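Here the structure is laid out as structure tokens; the discussion comes afterwards.
Where a number appears in this text, it was derived from the coordinates with a stated rule and is not lab data. Keep in mind it's a predicted model, so treat the numbers as computed, not measured. Because the Cβ atoms are built from the backbone with ideal geometry, glycine has one as well, and the counts that use them run over all protein chains shown.
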Amino acid sequence: MIRLTKVLFFAVGASALLSACSLFNRGKGKPTAQNPGQISTATGLAFNNEDEGGFAVKPFKGQPDAPNMIFIEGGRAVMGSYEEDVMSSRDNIERTVSVASFYMDETEIANIHWLEYLHYLARDSSQEVYRAALPDTTVWVGKLAFNDPYVEHYLRYPGFRYFPVVGVSWTQATAYAKWRTRAVNIELAKKAGTEYAETDGRIPLESGIVVPAYRLPTEAEWEYAAQAMVGTQWLEEMQTHQRIYPWDGHAVRNPYGKQMGFMLANFKRGRGDYAGIAGRLNDGALITSYIYEFPPNDYGLYNMAGNVSEWVQDVYRPMSFQDFDDLNPIRRDGFLDKASGTERDGNLYNNKERNPDSYTSLITDRARVYKGGSWKDVAYWMSPGTRRYLDQDSATATIGFRCAMIRAGSNY
């Protein structure tokens, strides 16, 4: 009897132990996006049971690497300029926001990238689409300046291949981002060895092999990435200092090492001074420069100050920083601040739409923000918090762009 009791005791104990181990393993082995298991935890139905029309769960190893993209870890930041408001615009008052993690181009889009785009448009699209994508090379023309060689040579001459493309409007930059998304995803599908039918011009996201859409960054994303405050991190969410520029300090020259005294960006040092004196040029560029020319910031992004200013998604309004949400902020239109219609409709701007004959404001729903200083700007505009705007179909020799992309499947 005693022996039987011992057997039962050990049997029950072993059963309890196995049950505990099973619970432990289940706790440690919860399904994830990368390892969803073979059976639905909600219904108990089998995944990928093709014979019975089961739900297809494709293999997924995480968001694929996208060409030229750098990961920008999101977090809290203070938008706004730390420079004196010399323009008295009061349109960049400091505001604390949080920005979700995203990806951004390591460099500005260069002439070679745009020529590649034009090549494929000429091959696959109509002449109308191709012509609409041509940059405005006449942006170099000056009535009292001999910049004529750049009109013919800047975009197409091989020596300028890796200089930033200019003469591109906000509308053209947005169209390029859409084309780039499709081109990259078709190539990813080929490398995966899978032929996917396109739906509405896109490979289905459920495939798990494509990247999210390339697009222009929001103003908040661009400013957050330019500040790169990750480089000032100390302990327990403490940052040792703020930044006027995308680098430390209040100066525009490198204070360290063999590059001591060299400029940290391509900008206009003063009236008539675009590059300094021959034999010791201060930034080595009268106009734009090589997209990898200057040191990257702490996120690894090149030329987030100087070289060319860059288009962002946002519609411009002076009060955006006070109006928009404090999580992933963006201004898409005139919500809360109309710039279309009459004064009776709530339009407070004396723009061309409201008063075609004697307007005094350029603020419309087509006015888009651009950020960062250019080769033709003084240092003030290289502070990430400064902001300017231009009509979305306008182009200049000082504005280019780079793309951004969300980090899909992430909660930070």
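Do any chymotrypsin sites (Phe, Trp or Tyr not before Pro) in segment 66-164 lie in a loop, going by DSSP, with at most 10 other beta-carbon atoms within 10 Å of their beta carbon, and if so which? List each step's numbers first, then the result.
Numbers: sites: Phe71, Tyr82, Phe102, Tyr103, Trp114, Tyr117, Tyr120, Tyr130, Trp140, Phe146, Tyr150, Tyr154, Phe160, Tyr162; in loops: Tyr82, Phe146, Tyr154, Tyr162.
Of the chymotrypsin sites (Phe, Trp or Tyr not before Pro), the ones in loops of segment 66-164 whose Cβ has at most 10 other Cβ atoms within 10 Å are Phe146.
Which order do Met319, Met229 fall in if you start with the one that has the fewest other Cβ atoms within 10 Å? Walk me through the numbers on the way to the answer.
Working: Met319 13, Met229 20.
Ordered from fewest to most neighbouring Cβ atoms within 10 Å, Met319, Met229 come out as Met319, Met229.
At 222 nm, what value in deg cm²/dmol follows for the chain if DSSP H runs of at least 4 each add -39500 (n - 2.57) and the sum is divided by all its residues, to the nearest 500?
On the way: 7 runs with 89 residues, N = 412.
The per-residue figure over the chain is -7000 deg cm²/dmol.
With respect to the cross-link table entries Lys30/Lys191; Lys30/Lys58; Lys58/Lys191; Lys258/Lys371; Lys61/Lys191; Lys352/Lys376, which display a Cα-Cα separation exceeding 21 Å? Walk me through the intermediate numbers first.
Working: Lys30/Lys191 30 Å; Lys30/Lys58 18 Å; Lys58/Lys191 16 Å; Lys258/Lys371 30 Å; Lys61/Lys191 15 Å; Lys352/Lys376 28 Å.
Long pairs (Cα-Cα over 21 Å): Lys30/Lys191; Lys258/Lys371; Lys352/Lys376.
Against the globular-protein guess of 2.2 N^0.38 Å, express the Cα radius of gyration of the chain as a ratio, rounded to two decimals. Let's see the in-between values first.
Numbers: Rg = 27.2 Å, N = 412, 2.2 N^0.38 = 21.7 Å.
Dividing the Cα radius of gyration by 2.2 N^0.38 Å gives 1.25.
Is segment 257-412 rounded, prolate or oblate when judged by the Cα gyration tensor, a ≥ b ≥ c being the square roots of its eigenvalues, rounded requiring a/c under 1.5 and prolate requiring a/b larger than b/c? Don't skip to the answer; put the middle values down first.
Values: a/c = 3.02, a/b = 1.62, b/c = 1.87.
Oblate, because a/c is 1.5 or more while a/b does not exceed b/c.
Among Ala367, Ala305, Ala145, whose mean-square fluctuation peaks in a Gaussian network model of the chain (Cα, cutoff 10 Å)?
Ala145
If I stretch the segment between Glu152 and Val86 completely, what's the gain in nm (0.36 nm per residue apart, minus their alpha carbon distance), one decimal? Mind dumping the intermediate values first?
On the way: separation 66, 0.36 × 66 = 23.76 nm, distance 3.68 nm.
Going from the current span to full extension adds 20.1 nm.
In segment 69-406, what % of DSSP beta bridges are antiparallel (nearest 5)? Provide the component values of the computation, followed by the final result.
Values: 28 of 31 bridges.
Looking only at bridges with both residues in segment 69-406, the antiparallel portion is about 90 percent.
Can you list the chymotrypsin sites (Phe, Trp or Tyr not before Pro) in segment 284-323 that are in a DSSP coil and have 14 or fewer other beta carbons within 10 angstrom? Write out the running numbers ahead of the final one.
Details: sites: Tyr290, Tyr292, Tyr299, Tyr302, Trp311, Tyr316, Phe321; in loops: Tyr290, Tyr292, Tyr299, Tyr302, Tyr316.
Filter output for segment 284-323: Tyr292.
If each of Lys191 and Glu94 carries a label point 7 Å out from its Cα toward its Cβ, how far apart are those two points in nm?
So the two model labels end up 4.3 nm from each other.
Once you place label points 7 Å from the Cα toward the Cβ at Tyr359 and Leu134, how far apart are they in nm?
2.8 nm
R0 = 35 Å: FRET efficiency of Arg269 with Arg344, Cβ-based, nearest 0.05?
Numbers: r = 49 Å, r/R0 = 1.40.
Working from the Cβ atoms, E equals 0.10.
Run the numbers for Gln259 and Thr32: contour at 0.36 nm per residue of separation, minus the present Cα-Cα distance, in nm.
Values: separation 227, 0.36 × 227 = 81.72 nm, distance 4.78 nm.
Gain on stretching Gln259 to Thr32: 76.9 nm.
First select every other residue whose beta carbon is under 15 angstrom from the beta carbon of Leu45; then total the charges, Lys and Arg +1, Asp and Glu -1. Before the final figure, lay out the partial values.
Working: positive: none; negative: Glu50, Asp51, Glu52.
Result for the neighbourhood of Leu45: -3.
Nearest 0.05, what FRET efficiency do Phe47 and Tyr412 give at R0 = 22 Å with Cβ-Cβ as r?
Numbers: r = 28 Å, r/R0 = 1.27.
After rounding to 0.05, the efficiency reads 0.20.
Classify segment 176-303 from the C-alpha gyration tensor, please: rounded if a/c falls under 1.5, else prolate or oblate depending on whether a/b exceeds b/c.
Numbers: a/c = 3.05, a/b = 1.85, b/c = 1.65.
Prolate, since a/c reaches 1.5 and a/b exceeds b/c.
If Lys and Arg each add +1 and Asp and Glu each add -1, what is the summed charge of the other residues whose beta carbon sits under 14 Å from the beta carbon of Trp375? List each step's numbers first, then the result.
Working: positive: Lys268, Arg269, Lys376; negative: Glu108, Asp273, Asp283, Glu293, Glu310, Asp377.
Counting the neighbours of Trp375, the net charge comes to -3.
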